[in-house]
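Here's the structure, in structure tokens; my notes come after.
The values are calculated or read from the model by the stated rules, or taken from the named source; none is laboratory data. Predicted, not measured: the structure shown is a model, and the values here were computed from it. When we count neighbours, we look across all protein chains shown, and the Cβ atoms used for this are built from the backbone with ideal geometry, even at glycine.
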């Protein structure tokens, strides 16, 4: 049985363990630029022993931001500081990854501690886009339906962002196709009412996601892996289902995706989500088993024993931590001690390393 602290290979990239810092928006950028907050936030998680540190959702275009404070990778000037962060992450023995994202109809909203709902244009907001013109919720902006040229621009933006991500030294690229953002909006029947080649049938609704994966994958060197985060269910009658996700995962695997980062929900407000510890793990397990592709599990995973069980039982190949990593940047080091795994600590911290596993 694999262990949480066994290495894991994705193409030519080997993670030293199965613990991943999930991409978490910090809403701390100006004009999309990373800064010292991102350096310390991401760098400390690498010091804390995670095998993979995935940078937060980086908007592939200005209109793809969730908020005006989002990180971006839509222009060449964004690259230099990201490269600085990645140099530090690699020096700690971790692998740097980035999530490329477009918020779709959930864009142009306030950062939570600044307000709620849509940011008006006269306060720095912008016209948002989506598969149609229905807003996410009553207080969100009304989107403009993407036409053929707009769809091609989205694909081109993901392609250009990939070039910049490689220039910045990211070794793993993840495409964000979950949580009610643009790609999820297209594949879910709840948000996609189009009647053209991007709407209607399952094959049409997944078309944009597949085209983005294909465009990004074509730019990656053979040794670098491609991940895709999806929402495995909309948790809503008539919406996207786990059966749909299994079929999508099969298609994405055939297109070159190496791992499906399995989350859920986010596409409609007021969905009935039965949140409980590890409530999304079953979806990662089913996709892994039925689609024959590696998966990552995320969602209310908070203890070393819980994470170890997910990997050891074959439910998922990687465990992604979000809030628990915010609470404890050194979770991997503490988990190793708890599980009796002998892992290297940063030499600067070696004198504080526990010498005996707990009995």
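Brief remarks follow.
- Residue 31 meets each of the listed conditions (1) at positive phi; (2) surrounded by 20 or more Cβ atoms within 10 Å (Cβ to Cβ) apart from (2).
- Some residue of the stretch 166-179 being part of a helix (DSSP H, G or I) and buried (at least 20 other Cβ atoms within 10 Å of the Cβ): no
- Within the stretch 73-100, being under 18 Å from residue 13 (Cα atoms) and either touching a strand residue (DSSP E or B) at 6+ places or on another chain (Cβ under 8 Å) or buried (at least 24 other Cβ atoms within 10 Å of the Cβ) (or both) holds for 86, 89, 90, 94, 95, 96, 97, 98, 99.
- Qualifying position, being under 28 Å from residue 187 (Cβ atoms), touching a strand residue (DSSP E or B) at 6+ places or on another chain (Cβ under 8 Å), outside any loop (DSSP other than H, G, I, E, B) and at pLDDT 95 or above, among 285, 290, 247: 285
- Among the candidates 259, 320, 252, residue that is free of Cβ contacts under 8 Å to residues at least 60 places away in the same chain, within 17 Å of the chain's Cα centre (by Cα) and under 18 Å from residue 177 (Cα atoms): 252
- Residues being out of contact with any strand residue (DSSP E or B) (no Cβ under 8 Å at 6 or more places or on another chain), under 23 Å from residue 306 (Cα atoms), modelled with pLDDT under 95 and part of a loop (DSSP other than H, G, I, E, B) are entirely absent from the stretch 228-244.
- Residues of the stretch 200-209 satisfying the condition of being out of contact with any helix residue (DSSP H, G or I) (no Cβ under 6 Å at 6 or more places or on another chain) and either surrounded by fewer than 18 Cβ atoms within 10 Å (Cβ to Cβ) or closer than 30 Å to residue 77 by Cα (or both): 200, 201, 202, 203, 204
- There is at least one residue in the stretch 211-226 that is at pLDDT 95 or above, surrounded by fewer than 17 Cβ atoms within 10 Å (Cβ to Cβ) and in contact with a strand residue (DSSP E or B) (Cβ under 8 Å, 6 or more places away or on another chain).
- The residues listed here are 121, 128, 90; of these, the one that is at pLDDT below 95 and more than 18 Å from the chain's Cα centre (by Cα) is 121.
Quick grid of which residues meet (1) surrounded by 17 or more Cβ atoms within 10 Å (Cβ to Cβ); (2) within 30 Å of residue 135 (Cβ to Cβ); (3) touching a strand residue (DSSP E or B) at 6+ places or on another chain (Cβ under 6 Å):
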{"site": "273", "(1), (2), (3)": "no, yes, no"}
{"site": "297", "(1), (2), (3)": "yes, no, yes"}
{"site": "311", "(1), (2), (3)": "yes, no, no"}
{"site": "316", "(1), (2), (3)": "yes, no, yes"}
{"site": "329", "(1), (2), (3)": "yes, no, no"}
{"site": "344", "(1), (2), (3)": "no, no, no"}
{"site": "348", "(1), (2), (3)": "no, no, no"}
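- Yes/no for residue 141 being in contact with a strand residue (DSSP E or B) (Cβ under 9 Å, 6 or more places away or on another chain), part of a loop (DSSP other than H, G, I, E, B) and surrounded by fewer than 18 Cβ atoms within 10 Å (Cβ to Cβ): no
- Condition check for residue 197: in contact with a helix residue (DSSP H, G or I) (Cβ under 9 Å, 6 or more places away or on another chain) and surrounded by fewer than 23 Cβ atoms within 10 Å (Cβ to Cβ): yes
- Being within 23 Å of the chain's Cα centre (by Cα), more than 24 Å from residue 251 (Cβ to Cβ) and assigned to a helix (DSSP H, G or I) is a property that residue 159 lacks.
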